[in-house]
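K.L.:
Handing you this structure, nothing more for now.
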Amino acid sequence: MTQHRPQDCSSHNVAQPTDPKEPLGLKRRHFMGTALALDAAALLAACNGGGVGWGEGDIAGAGSASGSGSGSGSVSPPNYPCLVSTWAGTGANTPLTDGTGATATFNTPYGVVVDSSGQVYVADFANHAVRKISPQGVVSTLAGVGGVYGTDNGTGATAKFSNPTGVALDNSGHVYVADHANHAVRKITPQGVVSTLAGMSLKGYVDGSGGTAKFNAPSSVVVDSSGHVYVADYGNHLIRKISPAGVVSTLAGMRAAGYVDGTVGTAKFDGPSGVVVDTSGNLYVADQNNRCVRQITPAGVVSTLAGLRPVVSVYGTGTASKYTSPFGIAVDHSGQVYVSDSINCQICKISLGGVIGTLAGVFGFPGYLDGSGATARFSIPFGIDVDSSGQLYVADYGNNRIRKITPI
């Protein structure tokens, strides 16, 4: 039904459906608007002038989940030369406009995914739409109506979303959408036909088939090579799994927010915001409110890859490294992991050797600037994805743009 008002999610500290300036989980830490710059300055002061990110040069995987361990020692900070450019968007959050490159508009884009041919799909949060960017930079609207939210299924502009936050692709070109404020996972065919895969417009927690299942503000989705869909169920603090037959189950987590590594039945998360899968079937989770990156193996073991519930960001070795707000996460074909540290306005990289460093962005300073990775600026970067050539695409939420990072 068009103009359906989604359920209030405020009790779970998630985005209100009619307020595009309240990102997931950030409201309660008061990092919005000018407060972002003020708190970033405070973070820099805490880091003695900072600019170092999360324990830069340390090695991932060291330390213990309980926090009793420490990193295995720092190495020289990695050098990741790259160039940042603007792929699409004017920067203005004006009504939805399709077009080429800088003539198109977005309104607080959240999630991105890129296919094998270079097509980029965008969850355009406040426009309640899913957008598509061709390899030539032409922006079109795949489904949804700019500024109009609802729950309708249908084709193209007849379908409605409510604050979509995550997008993913399967091997057949179907797009899956974390329809955040509708508490559902939607599916879009290559022809633009939208259906509801699982969930309903009422938040909750129920495993089951299709419309009998319930989510609480899902924030991210990813699809493995077998067609299983994994969902970062932000408000329920869970990682959910949807089978190719549409049956929803709980993969990991215990609903109550917490920070525990272990088997999937004992592990705890706190506001998982991003999820991605590698070619070996390992899942990586941006565990936002725990300020760390978690790994779930195919055997069902949850561990901490990097970060350890800090107050300030220090880039480093595994659990000696610290994020303020890891949100988006991506993995390339070789297994290197990329993370958007949203509050610190940086994109970070965990190499195959486990060394963590800054790929692009200036620690703690939001802004808009293209150029080298060391000088470029972002404003609350959220969703990220990487293509087969190693180029990253970033949903630069605060700048209303899609940015591109090219290795050099």
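K.L.:
Averaged per residue, what accessible surface does segment 341-408 expose to a 1.4 Å probe, in Å²?
P.N.:
Counting only protein heavy atoms, the per-residue value for segment 341-408 is 26 Å².
K.L.:
A follow-up question, please. What whole-number volume per residue, in cubic angstrom, does the convex hull of the C-alpha atoms of segment 169-308 give?
P.N.:
92 Å³
K.L.:
Follow-up question, since we're still on this one. Quickly work out the Ser116-to-Thr155 label distance, labels modelled 7 Å from Cα along the C-beta direction, and quote it in nm with one decimal.
P.N.:
Reported label-point gap for Thr155 and Ser116 is 2.7 nm.
K.L.:
Over the Cα atoms of segment 252-304, how large are the radius of gyration and the largest Cα-Cα distance (Dmax), in Å?
P.N.:
Just the Cα atoms of segment 252-304 yield Rg and Dmax of 10.0, 30 Å.
K.L.:
If you find the alpha carbon centre of segment 339-408 and of segment 240-303, how far apart are they in angstrom?
P.N.:
Measuring centre to centre over Cα atoms gives 24 Å.
K.L.:
Also, quick follow-up: In the structure shown, do any of Lys214/Lys349; Lys132/Lys268; Lys132/Lys203; Lys214/Lys268; Lys203/Lys268; Lys132/Lys214 have a Cα-Cα gap over 30 Å, and if so which?
P.N.:
Beyond 30 Å: Lys214/Lys349; Lys132/Lys268.
K.L.:
Let me ask something additional. Does segment 85-203 classify as rounded, prolate or oblate by the C-alpha gyration tensor (a ≥ b ≥ c root eigenvalues; a/c under 1.5 gives rounded; else a/b over b/c gives prolate, otherwise oblate)?
P.N.:
Oblate shape, in that a/c is at least 1.5 and b/c is the bigger or equal ratio.
K.L.:
What does the net charge come to around Leu369 if you take all other residues with beta carbon closer than 12 Å to its beta carbon, with K and R at +1 and D and E at -1?
P.N.:
+1
K.L.:
Then there is this: Where does each of 112-118, 195-201, 286-292 land if you order them by average Cβ count within 10 Å, highest first?
P.N.:
Packing order, densest peptide first, comes out as 286-292, 195-201, 112-118.
K.L.:
Express in nm, to one decimal, how much length is gained between Ser389 and Val260 on full extension, taking 0.36 nm for each residue of separation and deducting their alpha carbon distance.
P.N.:
Contour length minus the Cα-Cα distance gives 42.9 nm.
K.L.:
Could you calculate the contour length gain from Gln191 to Thr212, that is, 0.36 nm times the residue separation minus the distance between their Cα atoms, to one decimal place in nm?
P.N.:
Extra length from Gln191 to Thr212 when fully extended: 4.9 nm.
K.L.:
Still on this structure, I have one more. Quick one: accessible area per residue over segment 168-210, 1.4 Å probe, rounded to a whole number of Å²?
P.N.:
Value returned for segment 168-210: 34 Å² of accessible area per residue.
K.L.:
For Ser140 and His333, FRET efficiency with R0 = 30 Å and r from the beta-carbon atoms, rounded to 0.05?
P.N.:
Using R0 = 30 Å, I get an efficiency of 0.65.
The values are calculated or read from the model by the stated rules, or taken from the named source; none is laboratory data. All figures in this text were calculated on a predicted structure; none of them were measured in a lab. Cβ atoms come from the backbone with ideal geometry, glycine included; neighbour counts cover every protein chain shown. Ligands, DNA and RNA are excluded from the accessible area calculation, which covers all protein heavy atoms including side chains. Shrake-Rupley method; radii C 1.70, N 1.55, O 1.52, S 1.80 Å.
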